[in-house]
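Novice: My questions all concern the structure below.
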Protein chains: 2
Amino acid sequence: MSGTAGEGDADRLTPEGVPFDDRGLAYGDGLFETVLVRDGEPLLWAEHLGRLARGAETLGIPLPGRDTLDALPARAGEGLAVLKLMLTRGSGGRGYLAPAEPEPRLRWQAVPFAPARARWRDGVRVRHCRLRLGIQPALAGLKHLNRLENVLARAEWSDPEIAEGLLGDAEGRLVEATCMNLFWWQDDAWYTPRLDRCGVAGTLRQALLADGVIHEGDTSPEALATAEAVCLANSVQGLWPVTRLDDADGRRQARWDIGDHHRALQAEAHARLGYPHD
Amino acid sequence: MSGTAGEGDADRLTPEGVPFDDRGLAYGDGLFETVLVRDGEPLLWAEHLGRLARGAETLGIPLPGRDTLDALPARAGEGLAVLKLMLTRGSGGRGYLAPAEPEPRLRWQAVPFAPARARWRDGVRVRHCRLRLGIQPALAGLKHLNRLENVLARAEWSDPEIAEGLLGDAEGRLVEATCMNLFWWQDDAWYTPRLDRCGVAGTLRQALLADGVIHEGDTSPEALATAEAVCLANSVQGLWPVTRLDDADGRRQARWDIGDHHRALQAEAHARLGYPHD
């Protein structure tokens, strides 16, 4: 199901696009969220709305009413689905200068979804990316529409055996994977990179941080290879243990067996997503 | 006039938009050009096509045929117009992973244009922006659709007396203005910042560099304030002498009278755009 906020036509299968002069298209001037929805009930909804609100405030885009947003997950229908919603600043302004009173566009689409269950169980192989994320504190953490870095990084490999690519920043700190957050076990605790200079602050990461399940820290490619355990996770796919780490040339840099630490974090993550956990 | 490449309907006034799943909208996965056109003849067309081709190669987006592109300027009609063309990677792929064989979308619109002639004659007041451009060599120089930094920078001021804002990079070097390139006179020559780490390589700048009229160099906010002359220019507006430079708090940092150096560079720039020059 898909459509435009405020419209009554819940059965239209093709979501509405945007006009040529939409600033989301012209400049990436907007935000998006991808939300796991089960039988019409969104998971981590407060976290998704919170990130959208922070992004809207940072960019100066008026947020749609809470009623409008709250009505969307139910329209995803029965079963498991991913709801993607996109909020652009709309049209208008003069070049980069935004209109004084923007009329934002909200677009959304829900598609059926099946998570990669084998990756929960068996873990994944990942690699380091060559691309380094630029440092931009003004946009750090937001899920905005300027995602060319992610596209370029994801283009670095095509081997389906490699599930994700890790991204460092221009100064060599590890930040995230192309569409997942990164976690490592060190000194008897789970850590995740700080995202105050670049990267997307995932909603699952946010929920785990808020509950004290994980902590913020710094790591590098060299340090990660010596971590006791490494995982990737996001609010749609759940949590994947990392069993092998390659460098950007495909050479194995580390391998791990899946152990109690992975399973404990996976249980915390999956409890928040309604996925299987002990 | 506006439309979609390959369509015969030259009279449609509203250019076609893009669907929800267009990657230009979803990720800013695409490129654009804004071209000055006089009586159907594009200015600096080779430079625009060259930059578009470099961007398409970097992003791995197939370039439309030369015939398709060459046919667009004539559709801008009589008089002076700006032709904006946008090339996105189209739909498809899986998340950030681009489709193996993209089917790009080309969209375009031509609108009548009148340059700010008073700024040619009297010069402009500009300010430094607080925002620093992130350093990303993989995208530097390209006119891609990830332009949130420009939008945020342009939002820093609303005073119409201030014509442009200057942007430095994360390491303090000056790079450009929000939608124009920067030039300064020093040691008996005109210089412009290197754009190998961030910024947009304007086509007028490119043409002036290729002809040896200007040279690449480095400068900082402090150094710029002591330059003998400063100008801003792009391929649509032409060249504006800078007569006053403010810091990000609106305090005057420098002022200049317009002199022979400005007029000489303006003549070189305007000769390439068909604008008045001595």
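Novice: For the range A:115-164, what are the residues that are in contact with a helix residue (DSSP H, G or I) (Cβ under 6 Å, 6 or more places away or on another chain) and more than 27 Å from A:Leu87 (Cα to Cα)?
Specialist: Of everything in the range A:115-164, those that are in contact with a helix residue (DSSP H, G or I) (Cβ under 6 Å, 6 or more places away or on another chain) and more than 27 Å from A:Leu87 (Cα to Cα) turn out to be A:His128, A:Cys129, A:Leu131.
Novice: Let me ask something else about it. I'm trying to understand the selection: among the residues of the range B:25-48, which are within 30 Å of A:Trp108 (Cβ to Cβ) and more than 9 Å from chain A (Cβ to nearest Cβ)? Quick ask: steps written out before the conclusion?
Specialist: Within the range B:25-48, the first condition is being within 30 Å of A:Trp108 (Cβ to Cβ), and the residues that meet it are B:25-32.
Matches in the range B:25-48: B:Leu31 only.
Novice: From the list A:Gly217, A:Gly202, A:Gly238, A:Gly212, which residue is closer than 28 Å to B:Leu139 by Cβ and either small (Gly, Ala, Ser) or in the same structural domain as A:Arg132 (by TED's automatic domain parsing) (or both)?
Specialist: On the way: A:Gly217 fails: closer than 28 Å to B:Leu139 by Cβ; A:Gly238 fails: closer than 28 Å to B:Leu139 by Cβ; A:Gly212 fails: closer than 28 Å to B:Leu139 by Cβ.
Just one listed residue meets the conditions, A:Gly202.
Novice: Exactly one condition in (1) in a loop (DSSP other than H, G, I, E, B); (2) in contact (Cβ under 8 Å) with a residue 24 or more places away in the chain is not met by A:Ala100; state its number.
Specialist: (2)
Novice: For the range A:103-122, which positions are within 13 Å of chain B (Cβ to nearest Cβ) and outside any strand (DSSP E or B)?
Specialist: A:Phe113, A:Ala116
Novice: While we're here: Step by step: first the residues of the range A:58-94, then only those that are more than 13 Å from every other protein chain (Cβ to nearest Cβ) and among the charged types (D, E, K, R), then the one that is farthest from A:Pro19 (Cα to Cα). Which residue is that?
Specialist: A:Glu78
Novice: Can you find a residue in the range A:137-153 that is surrounded by fewer than 18 Cβ atoms within 10 Å (Cβ to Cβ), touching a residue at least 12 places away in the same chain (Cβ under 8 Å), part of a loop (DSSP other than H, G, I, E, B) and touching an Asp or Glu at 6+ places or on another chain (Cβ under 7 Å)?
Specialist: Yes, the range A:137-153 has at least one match.
Novice: Let me ask something else about it. Just wondering, is there one or more residues in the range A:161-184 that are among the aromatic types (Phe, Trp, Tyr), under 18 Å from the mean Cα position of the chain (by Cα) and assigned by TED's automatic domain parsing to the domain that holds A:Arg205?
Specialist: Among the residues of the range A:161-184, at least one is among the aromatic types (Phe, Trp, Tyr), under 18 Å from the mean Cα position of the chain (by Cα) and assigned by TED's automatic domain parsing to the domain that holds A:Arg205, which makes the answer yes.
Novice: Something else: How many of the residues in the range B:123-136 are within 9 Å of chain A (Cβ to nearest Cβ) and in a loop (DSSP other than H, G, I, E, B)?
Specialist: 3
Novice: Can you spot a residue in the range B:164-173 that is away from every other protein chain (no Cβ under 11 Å), part of a strand (DSSP E or B) and either in contact (Cβ under 8 Å) with a residue 40 or more places away in the chain or over 25 Å from A:Asp169 (Cβ atoms) (or both)?
Specialist: Yes, that holds for at least one residue.
Novice: Give the residue that is farthest from the other protein chains (Cβ to nearest Cβ), with candidates limited to residues of the range A:138-163 that are among the small types (Gly, Ala, Ser) and more than 26 Å from B:Leu152 (Cα to Cα).
Specialist: A:Ala163
Novice: Scan the range B:73-93 and tell me whether some residue there is crowded, with 23+ Cβ neighbours inside 10 Å and among the β-branched types (Val, Ile, Thr).
Specialist: Yes, some residue in the range B:73-93 is crowded, with 23+ Cβ neighbours inside 10 Å and among the β-branched types (Val, Ile, Thr).
The values are calculated or read from the model by the stated rules, or taken from the named source; none is laboratory data. In this text the structure is predicted, and so the values were computed from the model without any measurement. Reconstructed Cβ throughout: ideal geometry from the backbone, glycine too, with neighbour counts over all protein chains shown.
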